[in-house]
Amino acid sequence: MNKKNITIGIIGPTNSGKSTLLNNIIGEKLAIVTHKSQTTRSAFKGIKIIDNTQMIFIDTPGIFDAKTKFEKAMLENAYIILNDVDLIYLLIDCKKSINDLDVNFLKSIKILEEKIFLILNKIDLIDRELLLLKVKDFNDRYNFKETFLISAKSGDGVKDLLEKSTELSNSDYWLYPEDQTADTPMARIASEITREKIFLFLHEEIPYLSTVETEDWIKNKSRSITINQTIYVGKKNHVGIVLGKAGKMIKSIGMASRIDIEKILNQKVNLKINVKYKKDWSNKKEHYEDIGLNFN
Ligand SMILES: Nc1nc2c(ncn2[C@@H]2O[C@H](COP(=O)(O)OP(=O)(O)OP(=O)(O)O)[C@@H](O)[C@H]2O)c(=O)[nH]1
Ligand SMILES: [Mg+2]
(Lines give C-alpha, C1' and ligand atoms only; values in the text may rest on other atoms or scores of the structure.)
(Ligands and ions follow the chains in the order given, each with its own letter.)
Protein backbone atom coordinates (compact mmCIF):
# COMPACT_ATOMS: atom_id res chain seq x y z
CA MET A 1 0.00 0.00 0.00
CA ASN A 2 1.27 3.40 -0.92
CA LYS A 3 1.16 5.47 2.26
CA LYS A 4 0.47 9.17 2.10
CA ASN A 5 -0.05 12.02 4.53
CA ILE A 6 -1.49 15.48 4.61
CA THR A 7 -1.50 18.12 7.35
CA ILE A 8 -4.50 20.41 7.47
CA GLY A 9 -4.88 23.55 9.58
CA ILE A 10 -8.42 24.53 10.55
CA ILE A 11 -8.58 28.28 10.97
CA GLY A 12 -11.24 30.95 11.05
CA PRO A 13 -13.00 33.47 13.21
CA THR A 14 -13.81 32.50 16.76
CA ASN A 15 -17.04 30.52 17.22
CA SER A 16 -17.20 29.40 13.56
CA GLY A 17 -17.24 25.71 14.54
CA LYS A 18 -13.59 24.66 14.10
CA SER A 19 -13.44 22.44 17.16
CA THR A 20 -16.84 20.96 16.32
CA LEU A 21 -15.49 20.02 12.89
CA LEU A 22 -12.35 18.42 14.35
CA ASN A 23 -14.44 16.32 16.73
CA ASN A 24 -16.82 15.33 13.97
CA ILE A 25 -13.97 14.20 11.72
CA ILE A 26 -12.11 12.24 14.39
CA GLY A 27 -15.33 10.81 15.80
CA GLU A 28 -14.49 11.52 19.41
CA LYS A 29 -14.34 14.54 21.62
CA LEU A 30 -10.82 15.90 21.47
CA ALA A 31 -11.40 19.60 21.41
CA ILE A 32 -13.79 21.45 23.65
CA VAL A 33 -16.78 23.21 22.14
CA THR A 34 -18.92 25.95 23.64
CA HIS A 35 -21.42 28.47 22.35
CA LYS A 36 -19.08 31.25 23.48
CA SER A 37 -16.18 32.89 21.62
CA GLN A 38 -12.50 32.19 22.28
CA THR A 39 -13.01 28.69 23.56
CA THR A 40 -9.91 27.12 22.02
CA ARG A 41 -6.68 28.60 23.38
CA SER A 42 -3.98 26.68 21.50
CA ALA A 43 -3.55 24.20 18.67
CA PHE A 44 -4.97 20.71 19.03
CA LYS A 45 -4.14 17.83 16.71
CA GLY A 46 -6.45 15.05 15.61
CA ILE A 47 -5.38 12.21 13.35
CA LYS A 48 -7.48 10.13 10.98
CA ILE A 49 -6.66 7.59 8.31
CA ILE A 50 -8.77 7.48 5.17
CA ASP A 51 -7.81 4.76 2.69
CA ASN A 52 -4.02 5.02 2.59
CA THR A 53 -3.80 8.65 3.69
CA GLN A 54 -3.00 9.72 7.21
CA MET A 55 -4.66 13.07 7.74
CA ILE A 56 -3.45 15.34 10.54
CA PHE A 57 -5.92 18.06 11.47
CA ILE A 58 -4.87 21.02 13.59
CA ASP A 59 -7.62 22.93 15.33
CA THR A 60 -6.54 26.47 16.21
CA PRO A 61 -7.72 29.34 18.39
CA GLY A 62 -10.23 31.51 16.59
CA ILE A 63 -9.28 34.84 15.09
CA PHE A 64 -10.61 37.78 17.09
CA ASP A 65 -9.53 41.23 18.11
CA ALA A 66 -6.88 40.21 20.65
CA LYS A 67 -6.04 42.79 23.29
CA THR A 68 -4.28 41.21 26.25
CA LYS A 69 -0.88 39.52 26.15
CA PHE A 70 -2.54 36.14 26.62
CA GLU A 71 -5.04 36.73 23.80
CA LYS A 72 -2.24 37.84 21.49
CA ALA A 73 -0.37 34.62 22.24
CA MET A 74 -3.53 32.69 21.26
CA LEU A 75 -3.77 34.58 17.99
CA GLU A 76 -0.10 34.05 17.21
CA ASN A 77 -0.59 30.34 17.82
CA ALA A 78 -3.26 30.27 15.11
CA TYR A 79 -1.17 32.21 12.60
CA ILE A 80 1.95 30.06 13.11
CA ILE A 81 -0.02 26.99 12.00
CA LEU A 82 -0.87 28.58 8.66
CA ASN A 83 2.68 28.45 7.36
CA ASP A 84 3.36 24.87 8.31
CA VAL A 85 0.45 22.99 6.78
CA ASP A 86 -0.24 21.48 3.36
CA LEU A 87 -3.84 22.64 3.26
CA ILE A 88 -5.96 25.16 5.15
CA TYR A 89 -9.61 24.81 5.98
CA LEU A 90 -10.89 28.35 6.34
CA LEU A 91 -14.04 27.88 8.36
CA ILE A 92 -16.63 30.62 8.30
CA ASP A 93 -19.99 30.74 10.03
CA CYS A 94 -22.23 31.18 6.98
CA LYS A 95 -24.50 33.58 8.84
CA LYS A 96 -21.60 36.03 8.90
CA SER A 97 -20.37 38.08 5.96
CA ILE A 98 -16.90 39.10 4.80
CA ASN A 99 -17.29 42.48 6.45
CA ASP A 100 -17.47 40.83 9.85
CA LEU A 101 -13.96 39.47 9.42
CA ASP A 102 -10.81 41.03 10.84
CA VAL A 103 -9.00 43.15 8.23
CA ASN A 104 -5.54 41.75 8.99
CA PHE A 105 -6.90 38.26 8.83
CA LEU A 106 -8.41 38.97 5.40
CA LYS A 107 -4.99 40.11 4.19
CA SER A 108 -3.21 37.05 5.47
CA ILE A 109 -5.65 34.66 3.84
CA LYS A 110 -5.28 36.55 0.55
CA ILE A 111 -1.60 35.57 0.48
CA LEU A 112 -2.44 31.95 1.19
CA GLU A 113 -5.57 31.62 -0.95
CA GLU A 114 -4.07 28.93 -3.15
CA LYS A 115 -3.79 26.53 -0.28
CA ILE A 116 -7.20 27.30 1.17
CA PHE A 117 -10.47 25.40 1.05
CA LEU A 118 -13.20 27.87 1.92
CA ILE A 119 -15.73 26.12 4.13
CA LEU A 120 -19.03 27.75 4.94
CA ASN A 121 -20.26 26.06 8.09
CA LYS A 122 -23.61 25.89 9.90
CA ILE A 123 -25.58 25.53 6.66
CA ASP A 124 -28.36 24.04 8.76
CA LEU A 125 -29.07 27.58 9.96
CA ILE A 126 -29.47 29.49 6.69
CA ASP A 127 -31.57 29.24 3.55
CA ARG A 128 -29.99 28.09 0.33
CA GLU A 129 -30.38 31.30 -1.67
CA LEU A 130 -28.68 33.42 0.93
CA LEU A 131 -25.97 30.81 1.25
CA LEU A 132 -25.17 30.96 -2.46
CA LEU A 133 -24.90 34.74 -2.26
CA LYS A 134 -22.29 34.34 0.50
CA VAL A 135 -20.35 31.90 -1.66
CA LYS A 136 -20.36 34.44 -4.48
CA ASP A 137 -19.24 37.25 -2.16
CA PHE A 138 -16.16 35.30 -1.13
CA ASN A 139 -15.31 33.98 -4.54
CA ASP A 140 -15.56 37.42 -6.13
CA ARG A 141 -12.75 38.54 -3.85
CA TYR A 142 -10.64 35.42 -3.46
CA ASN A 143 -9.21 32.69 -5.55
CA PHE A 144 -9.64 29.80 -3.18
CA LYS A 145 -8.81 26.25 -4.20
CA GLU A 146 -12.39 25.14 -3.64
CA THR A 147 -15.55 25.98 -1.70
CA PHE A 148 -17.49 23.58 0.52
CA LEU A 149 -20.79 23.92 2.32
CA ILE A 150 -21.06 21.90 5.49
CA SER A 151 -22.67 21.46 8.85
CA ALA A 152 -19.95 20.43 11.28
CA LYS A 153 -22.65 19.63 13.79
CA SER A 154 -24.62 17.17 11.68
CA GLY A 155 -21.70 16.10 9.49
CA ASP A 156 -23.48 17.18 6.32
CA GLY A 157 -20.88 17.71 3.56
CA VAL A 158 -17.92 16.52 5.63
CA LYS A 159 -17.38 13.28 3.70
CA ASP A 160 -17.00 15.12 0.42
CA LEU A 161 -14.63 17.60 2.04
CA LEU A 162 -12.40 14.79 3.33
CA GLU A 163 -12.37 12.98 0.01
CA LYS A 164 -11.28 16.10 -1.86
CA SER A 165 -8.63 16.70 0.79
CA THR A 166 -7.06 13.26 0.48
CA GLU A 167 -6.57 13.91 -3.24
CA LEU A 168 -4.02 16.56 -2.25
CA SER A 169 -1.98 14.31 0.02
CA ASN A 170 1.69 13.78 -0.62
CA SER A 171 4.81 11.94 0.58
CA ASP A 172 5.05 8.22 0.91
CA TYR A 173 4.94 7.71 4.64
CA TRP A 174 2.78 8.28 7.71
CA LEU A 175 3.73 10.71 10.45
CA TYR A 176 2.14 8.87 13.39
CA PRO A 177 1.53 5.26 14.42
CA GLU A 178 -1.54 3.74 12.81
CA ASP A 179 -3.71 3.67 15.94
CA GLN A 180 -3.00 7.19 17.18
CA THR A 181 -5.96 9.59 17.00
CA ALA A 182 -4.56 12.61 18.85
CA ASP A 183 -1.27 14.29 19.59
CA THR A 184 -2.06 15.95 22.89
CA PRO A 185 -1.30 14.48 26.31
CA MET A 186 -4.38 13.12 28.03
CA ALA A 187 -3.73 15.36 31.06
CA ARG A 188 -4.13 18.41 28.86
CA ILE A 189 -7.33 17.09 27.35
CA ALA A 190 -8.61 16.54 30.91
CA SER A 191 -7.77 20.16 31.79
CA GLU A 192 -9.57 21.31 28.67
CA ILE A 193 -12.69 19.36 29.57
CA THR A 194 -12.88 21.03 32.96
CA ARG A 195 -12.33 24.37 31.25
CA GLU A 196 -15.27 23.61 28.96
CA LYS A 197 -17.49 23.07 32.01
CA ILE A 198 -16.40 26.44 33.42
CA PHE A 199 -17.57 27.99 30.15
CA LEU A 200 -20.87 26.16 30.36
CA PHE A 201 -21.64 26.73 34.05
CA LEU A 202 -20.20 30.18 34.67
CA HIS A 203 -20.73 33.39 32.81
CA GLU A 204 -19.31 36.72 31.73
CA GLU A 205 -15.62 37.16 32.42
CA ILE A 206 -14.98 34.16 34.65
CA PRO A 207 -14.20 31.57 31.92
CA TYR A 208 -11.87 34.03 30.24
CA LEU A 209 -10.06 34.90 33.45
CA SER A 210 -9.47 31.35 34.56
CA THR A 211 -7.31 28.43 33.56
CA VAL A 212 -7.08 24.78 34.55
CA GLU A 213 -4.05 22.65 35.31
CA THR A 214 -3.94 18.90 35.84
CA GLU A 215 -1.38 18.36 38.56
CA ASP A 216 -1.58 14.66 39.36
CA TRP A 217 -2.60 11.60 37.43
CA ILE A 218 -2.52 8.57 39.67
CA LYS A 219 -3.36 5.06 38.50
CA ASN A 220 -4.98 3.18 41.37
CA LYS A 221 -4.79 -0.54 41.98
CA SER A 222 -8.51 -0.87 41.29
CA ARG A 223 -7.86 0.36 37.70
CA SER A 224 -9.50 3.69 38.50
CA ILE A 225 -7.61 6.95 38.07
CA THR A 226 -7.32 9.81 40.52
CA ILE A 227 -6.89 13.16 38.84
CA ASN A 228 -6.05 16.33 40.76
CA GLN A 229 -6.72 19.62 39.05
CA THR A 230 -6.54 23.26 40.03
CA ILE A 231 -8.66 26.02 38.61
CA TYR A 232 -6.72 29.27 38.76
CA VAL A 233 -8.92 32.34 38.81
CA GLY A 234 -7.82 35.87 38.04
CA LYS A 235 -9.85 37.73 40.67
CA LYS A 236 -10.18 37.08 44.38
CA ASN A 237 -13.95 37.17 44.40
CA HIS A 238 -14.09 34.56 41.64
CA VAL A 239 -12.96 31.85 44.08
CA GLY A 240 -16.29 32.01 45.88
CA ILE A 241 -18.28 32.09 42.66
CA VAL A 242 -16.50 29.06 41.23
CA LEU A 243 -16.97 27.16 44.50
CA GLY A 244 -20.60 28.23 44.75
CA LYS A 245 -22.87 28.11 47.78
CA ALA A 246 -21.77 25.24 50.00
CA GLY A 247 -19.48 24.09 47.17
CA LYS A 248 -22.40 23.37 44.84
CA MET A 249 -20.92 24.95 41.73
CA ILE A 250 -17.55 23.21 41.87
CA LYS A 251 -19.39 19.96 42.51
CA SER A 252 -21.43 20.40 39.32
CA ILE A 253 -18.36 21.35 37.29
CA GLY A 254 -16.43 18.40 38.68
CA MET A 255 -19.21 15.91 38.04
CA ALA A 256 -19.78 17.01 34.44
CA SER A 257 -16.05 16.97 33.75
CA ARG A 258 -15.54 13.56 35.35
CA ILE A 259 -18.32 12.02 33.25
CA ASP A 260 -16.69 13.26 30.03
CA ILE A 261 -13.17 12.21 31.06
CA GLU A 262 -14.44 8.74 32.01
CA LYS A 263 -16.04 8.41 28.58
CA ILE A 264 -12.76 9.17 26.82
CA LEU A 265 -10.62 6.98 29.07
CA ASN A 266 -13.23 4.28 29.43
CA GLN A 267 -12.17 4.02 33.05
CA LYS A 268 -13.49 5.12 36.42
CA VAL A 269 -12.15 8.51 37.44
CA ASN A 270 -11.91 10.18 40.82
CA LEU A 271 -11.58 13.87 40.02
CA LYS A 272 -10.56 16.37 42.68
CA ILE A 273 -10.60 20.06 41.85
CA ASN A 274 -9.09 22.91 43.88
CA VAL A 275 -9.83 26.54 43.21
CA LYS A 276 -7.07 29.09 43.75
CA TYR A 277 -6.67 32.77 43.18
CA LYS A 278 -3.44 33.56 41.35
CA LYS A 279 -2.76 37.19 40.73
CA ASP A 280 -1.91 37.84 37.09
CA TRP A 281 -1.72 34.18 36.07
CA SER A 282 -2.22 35.27 32.47
CA ASN A 283 1.13 37.07 32.61
CA LYS A 284 3.04 34.06 33.89
CA LYS A 285 5.20 31.98 31.62
CA GLU A 286 4.26 28.57 33.02
CA HIS A 287 0.61 29.03 32.11
CA TYR A 288 1.55 29.65 28.48
CA GLU A 289 3.99 26.81 28.07
CA ASP A 290 1.69 24.34 29.75
CA ILE A 291 -0.87 24.76 26.98
CA GLY A 292 1.57 25.22 24.11
CA LEU A 293 1.55 28.99 23.74
CA ASN A 294 4.65 31.13 23.26
CA PHE A 295 5.51 33.55 26.04
CA ASN A 296 7.20 36.56 24.45
N1 LIG B 1 -26.21 24.94 14.13
C2 LIG B 1 -24.92 24.65 14.06
N3 LIG B 1 -24.12 24.99 15.08
C4 LIG B 1 -22.81 24.70 14.99
C5 LIG B 1 -22.26 24.04 13.86
N6 LIG B 1 -20.93 23.90 14.06
C7 LIG B 1 -20.67 24.43 15.27
N8 LIG B 1 -21.79 24.90 15.85
C9 LIG B 1 -21.93 25.57 17.17
O10 LIG B 1 -21.16 26.76 17.16
C11 LIG B 1 -20.62 27.00 18.47
C12 LIG B 1 -19.12 27.20 18.38
O13 LIG B 1 -18.51 25.98 18.04
P14 LIG B 1 -16.96 25.69 18.31
O15 LIG B 1 -16.64 24.41 17.64
O16 LIG B 1 -16.63 25.84 19.75
O17 LIG B 1 -16.31 26.91 17.51
P18 LIG B 1 -14.76 27.30 17.36
O19 LIG B 1 -14.59 27.84 16.00
O20 LIG B 1 -13.92 26.15 17.75
O21 LIG B 1 -14.65 28.48 18.43
P22 LIG B 1 -13.29 29.06 19.14
O23 LIG B 1 -12.54 27.91 19.70
O24 LIG B 1 -13.85 29.96 20.20
O25 LIG B 1 -12.56 29.79 18.09
C26 LIG B 1 -21.03 25.82 19.34
O27 LIG B 1 -22.17 26.19 20.06
C28 LIG B 1 -21.34 24.73 18.31
O29 LIG B 1 -22.27 23.78 18.78
C30 LIG B 1 -23.15 23.69 12.78
O31 LIG B 1 -22.78 23.13 11.76
N32 LIG B 1 -24.46 24.03 12.95
MG1 LIG C 1 -12.48 25.95 19.19
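The values are calculated or read from the model by the stated rules, or taken from the named source; none is laboratory data. Keep in mind it's a predicted model, so treat the numbers as computed, not measured. Positions of Cβ are generated from backbone atoms using ideal geometry, with glycine treated the same way; all protein chains shown enter the neighbour counts.
Does LYS159 fit the bill of being farther than 24 Å from ASN77 by Cβ, touching a residue at least 60 places away in the same chain (Cβ under 8 Å) and among the basic types (Lys, Arg)? Here the answer is no, as LYS159 does not meet what is asked.
If you go through the stretch 1-27 and pick out every residue that is of a type outside the set (Gly, Ala, Ser) and either more than 11 Å from ligand 1 (Cβ to nearest atom) or part of a loop (DSSP other than H, G, I, E, B) (or both), you end up with 12.
Out of all the residues in the stretch 256-282, which are of a type outside the set (S, T, N, Q) and within 21 Å of the chain's Cα centre (by Cα)? ALA256, ARG258, ILE259, ASP260, ILE261, GLU262, LYS263, ILE264, LEU265, listed by residue number. Looking only at residues of the stretch 136-159 that are within 23 Å of THR20 (Cα to Cα) and among the aromatic types (Phe, Trp, Tyr), we find that the one that is nearest to ligand 1 (Cβ to nearest atom) is PHE148.
Return the residue satisfying two criteria in turn: it lies in the stretch 235-255 and is part of a helix (DSSP H, G or I) and on the phi > 0 side of the Ramachandran plot, and of such residues it is farthest from the chain's Cα centre (by Cα). Ranking the qualifying residues of the stretch 235-255, first place goes to ALA246. Among the residues of the stretch 12-46 satisfying the criterion of being at pLDDT below 95 and among the aliphatic types (A, V, I, L, M), which is surrounded by the fewest Cβ atoms within 10 Å (Cβ to Cβ)? So the residue we want is ILE26. Evaluation of SER151 against the conditions (1) more than 17 Å from the chain's Cα centre (by Cα); (2) crowded, with 16+ Cβ neighbours inside 10 Å shows that the sole unmet condition is (1). Of all residues being basic (Lys, Arg) and outside any loop (DSSP other than H, G, I, E, B) in the stretch 28-80, which is nearest to ligand 2 (Cβ to nearest atom)? Just the residue, please. Restricting to residues being basic (Lys, Arg) and outside any loop (DSSP other than H, G, I, E, B), the top hit is LYS45.
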